[in-house]
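K.L.:
One structure, as structure tokens, below. Some questions next.
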Ligand SMILES: [Zn+2]
């Protein structure tokens, strides 16, 4: 029979294996959480949707019908391309999904009710503005990946308030929101490391350069990356249109002609 101390050690080892083996100090790693579920939804489903959000890095969003596991809309931070400072990924997602649900024939009152059955996956922990908007919406679930702490530690401007404080202070709202953090952070974090942290290495085929209007040197794709991306992009879009058909336009902003109209990776300088 094992002693309490032995059991405690075994327990600690398991927690270590689950929580800390791949990325010290951060939350769950995808490979290690494959057998888990959050709020009755398998972790594999959680990571699948977070990867869709992460395709719109660094601040990407995917909104999913929690019950039917269907995508409603995707969005990215649009501050830089619209000039509207409130268009963080999450606000952009609320705008885009409202548009999609309106196009599907829902009335404003039906859209307001729909948020309670939806899950927003967002690559970054919602800031005070976005967390408040999501609580006003009564979003059924919010699943975020990279923490505000990590974002701040890597040099990006951010409001120093964890989203949990907004959630805690919104207790009088009529609809609850399940709030999960650090999901797939091991895959989203790198997108927040290199851009404003001058000591972080650049991703492959990028070099650190001065960029007009930026307060720090930034990782800029080199010519090899640009030509490779250009070569791949047409191929990728063609394949996407063939395999997903009309839904490709909804998901990725690919038009019927195969030209991608969505800008990706928008961010503030
Ligand atoms: Zn925000």
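K.L.:
Can you sort 94, 161 so the residue with the fewest Cβ neighbours within 10 Å comes first?
P.N.:
161, 94
K.L.:
Between residue 68 and residue 38, with labels modelled 7 Å along Cα→Cβ, what's the label distance in nm to one decimal, could you check?
P.N.:
2.3 nm
K.L.:
Still on this structure: Could you line up 182, 170 from fewest to most neighbouring Cβ atoms inside 10 Å?
P.N.:
170, 182
K.L.:
For a quick check: sort 207, 47 by the number of other beta carbons within 10 angstrom, fewest at the front. Spell out each step's value before the answer.
P.N.:
Details: 207 12, 47 22.
Result, fewest neighbours first: 207, 47.
K.L.:
Applying 1/(1 + (r/R0)^6) with R0 = 45 Å to the Cβ-Cβ distance of residue 223 and residue 178, what FRET efficiency is obtained, to the nearest 0.05?
P.N.:
So the FRET efficiency works out to roughly 0.50.
K.L.:
How far apart, in nm, are the 7 Å Cα→Cβ label points at residue 197 and residue 153?
P.N.:
Computed distance between label sites residue 197 and residue 153 equals 0.7 nm.
K.L.:
Any chance you could run the full-extension gain for residue 215 through residue 45? It's 0.36 nm times the residue separation minus the Cα-Cα distance, nm to one decimal. Can you show the working numbers first?
P.N.:
Numbers: separation 170, 0.36 × 170 = 61.20 nm, distance 3.82 nm.
Taking 0.36 nm per residue and subtracting the Cα distance, the gain is 57.4 nm.
K.L.:
Also: Rounded if a/c is under 1.5, else prolate if a/b is larger than b/c, else oblate: which is the stretch 43-192, with a ≥ b ≥ c the root eigenvalues of its Cα gyration tensor?
P.N.:
In terms of gyration-tensor shape, rounded.
Every read-out reported here was derived from the displayed coordinates using simple, explicitly stated rules and does not represent laboratory data. None of the values given here were measured: they were computed from a predicted structure. Cβ sites come from the backbone with ideal geometry, for glycine too, and all protein chains shown count toward neighbours.
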